[in-house]
1. Counting only residues that are among the charged types (D, E, K, R) and touching a residue at least 60 places away in the same chain (Cβ under 8 Å), which one in region 397-409 is farthest from SER26 (Cα to Cα)?
2. Could you check TYR445 against (1) assigned to a helix (DSSP H, G or I); (2) touching a strand residue (DSSP E or B) at 6+ places or on another chain (Cβ under 9 Å); (3) buried (at least 18 other Cβ atoms within 10 Å of the Cβ) and say which number it fails?
3. Give the residue that is surrounded by the fewest Cβ atoms within 10 Å (Cβ to Cβ), with candidates limited to residues of region 102-136 that are free of Cβ contacts under 8 Å to residues at least 60 places away in the same chain and part of a helix (DSSP H, G or I).
4. Go through ASN391, ASN323 for me and flag whichever is on the phi > 0 side of the Ramachandran plot, at pLDDT below 95 and in contact with a helix residue (DSSP H, G or I) (Cβ under 8 Å, 6 or more places away or on another chain).
5. Which condition number in (1) charged (D, E, K, R); (2) without any contact (Cβ under 8 Å) to a residue 40 or more places away in the chain; (3) over 25 Å from GLN182 (Cα atoms) is the one that GLU258 fails?
6. Report every pair of residues separated by at least 6 positions or lying on different chains whose Cβ atoms are under 7 Å apart, first residue within region 445-469 and of a type in the set (Val, Ile, Thr) and at pLDDT below 95, second in a helix (DSSP H, G or I) and surrounded by 13 or more Cβ atoms within 10 Å (Cβ to Cβ).
7. Being over 21 Å from the mean Cα position of the chain (by Cα) and in contact (Cβ under 8 Å) with a residue 12 or more places away in the chain is the filter here, so list the residues in region 383-396 that pass it.
8. Looking only at region 1-24, which residues are small (Gly, Ala, Ser) and at pLDDT 90 or above?
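The values are calculated or read from the model by the stated rules, or taken from the named source; none is laboratory data. What you are looking at is a predicted structure, and each value in this text was computed from that prediction instead of being measured. When we count neighbours, we look across all protein chains shown, and the Cβ atoms used for this are built from the backbone with ideal geometry, even at glycine.
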Amino acid sequence: MRYIGPFLRLNTLNKDCIGQQLFHLSKESLKFLALHSRFGIILTAKEYKFKNTPNIDINILNSISPLLCIYKKGSPNLINLEHCSTLSEDSFKKEIIVSSNGYMCLALLELTEYYSQFKELDNSKYSYSLLYLNLVKKQLDFFASYLRNEEGVFIDKKDITEVMHQDYELEPKDKKFKFSDQALLMTAYYRFAQLYDHKDKETFENFAMDIYSMFMHYKDHLYEQSSSELIKLCLAFNLFYKYSNFKDCRALVMDLNEYVLEYHSEILTGVKDEKVELLTMLYINFFLLYINTGLDKYRDFCCVVKSRLLEYYNPELGIFIKNQDKKEVSYSSFEIMSYIMTLLIHNNNLENTSEDHAVLIDVYKRQLIDSGIIKSWPDSPELEDRERYMNFSLKPDELIEDQYFRYTSLPTPEASEFAPLFLKNVIYNKKKEIFMESKTSFDSYSNMFIFFYSIFFFRKHKCLIRNVNDPCEEKTITSE
């Protein structure tokens with residue numbers, strides 16, 4: 001039985017609804033990609049009989065095809081295969097992008113922590129905590145074995161494995177490596193070691209610290225990177241510091257960000273225009289700095305970037321407009337979602353104004369939902385599911401309404417035959433004031449970035465702001 005509610009119920013969308021909708025979407029979409037999509041190199045049945053996990057629900061194990069890595073691009077169209085819905089392999093672009101896989105691992109680790117709350121409440125839910133943690137272990141082992149070049153650094157590769165081949169065959173996509181990729185996987189290996197309570201956890205922590213030592217040794221080269229690469233690097237280091245509390249990491253990330261601020265000073269003062277994508281990444285980076293350090297100057301930078309982003313908003317259309325001179329404007333899912341996440345983070349944590357809230361609601365409804373950039377939304381949990389209740393209580397008076405899980409105008413994946421994934425882009429026709437249909441393809445980097453930060457920022461009851469006055473919080477390490 002489904003909860004229907006009153007005949008006429010006003011769908012009162014607000015920032016809390018949006019945050020929880022994005023968390024639910026990200027959690028369920030990631031579950032589909034990691035366990036059921038076949039969108040990458042998958043574990044064999046023998047390989048995913050995980051050790052040290054006797055409590056995993058056998059029904060879950062019997063229905064999954066876990067990913068060792070995720071591919072770059074594909075189509076969100078669903079097909080039926082072996083009595084379950086999955087993605088068509090004909091659409092896959094079998095390139096393995098380090099950053100996509102790094103964010104996938106970090107998102108799965110965040111969900112590991114989330115599902116651990118169900119221990120002694122719901123064994124089936126708790127199973128996902130064990131499953132994700134052990135899946136990430138196999139993914140990280142795979143990355144170390146197959147995604148490094150001869151020098152030992154992680155690089156993007158192509159999967160050229162022949163059908164029925166006994167081993168994986170990968171070739172370099174580009175011989176160049178990115179510092180930001182190394183930092184992202186360093187963070188994933190370290191975060192995994194924190195959550196993995198077994199004898200070989202030190203192997204993963206030591207591997208992360210080897211990468212960290214490399215950064216300390218070659219840190220002068222970090223300032224030579226391009227603008228976008230430097231911001232991605234700062235994002236990864238901010239996450240690493242959030243998880244590790246290393247003092248010298250704090251010093252490095254603050255110094256790198258001073259360089260970023262100097263580089264982008266004209267953007268922040270409004271002298272120079274810049275891409276929405278870059279501004280939103282700057283915002284997320286400054287906000288992470290603020291929650292990591294508690295320094296008001298980073299809060300102030302967030303406010304400046306948010307104001308710059310609001311300059312793009314057109315109140316008559318209810319969307320943000322860029323490329324003013326063009327008749328048709330292409331919007332990527334990364335731009336739309338990072339714009340929404342920026343406003344939501346700001347409204348939740350820094351400034352809660354009615355004007356900003358109205359912009360958030362408008363852009364969410366008109367530029368995300370109405371644009372068609374996402375064609376389906378995961379259904380709400382059933383009434384007997386603990387996730388439908390505050391504090392997972394199953395108490396009738398703590399039932400959470402449907403609107404906190406999904407936007408009702410979008411169909412479910414089963415009804416639409418589309419996976420709940422963000423398309424690569426949509427086109428807006430200024431003359432007709434409508435969004436046009438775009439090619440139905442998605443890329444893993446945008447989706448993994450969106451899913452990770454939606455889980456990281458919008459999961460309920462998660463403390464983000466550290467107590468900067470606590471002298472016991474930070475750790476000191478000796479770098480080689």
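1. Residues of region 397-409 that are among the charged types (D, E, K, R), as a first pass: 397-398, 401-402, 406.
From what is left, the residues that are touching a residue at least 60 places away in the same chain (Cβ under 8 Å) are 401-402, 406.
Working: GLU401: 18, ASP402: 16, ARG406: 11 Å.
Top of the filtered list is GLU401.
2. (2)
3. Looking only at region 102-136, we keep the residues that are free of Cβ contacts under 8 Å to residues at least 60 places away in the same chain, and these are 115-116, 119-120, 129, 136.
Still in the list and also part of a helix (DSSP H, G or I): 115-116, 129, 136.
Details: TYR115: 21, SER116: 16, SER129: 22, VAL136: 26.
Going through the qualifying residues, I end up with SER116.
4. Details: ASN323 fails: in contact with a helix residue (DSSP H, G or I) (Cβ under 8 Å, 6 or more places away or on another chain).
The conditions single out ASN391.
5. Looking at each condition in turn, GLU258 falls short on (3).
6. ILE465/ILE291; VAL468/THR293
7. We begin by selecting, within region 383-396, every residue over 21 Å from the mean Cα position of the chain (by Cα); these are 383-386, 388-396.
Passing the criteria: LEU383, ARG386, ARG388, PHE392.
8. Taking region 1-24 and keeping what is small (Gly, Ala, Ser), we get 5, 19.
The one that is small (Gly, Ala, Ser) and at pLDDT 90 or above: GLY19.
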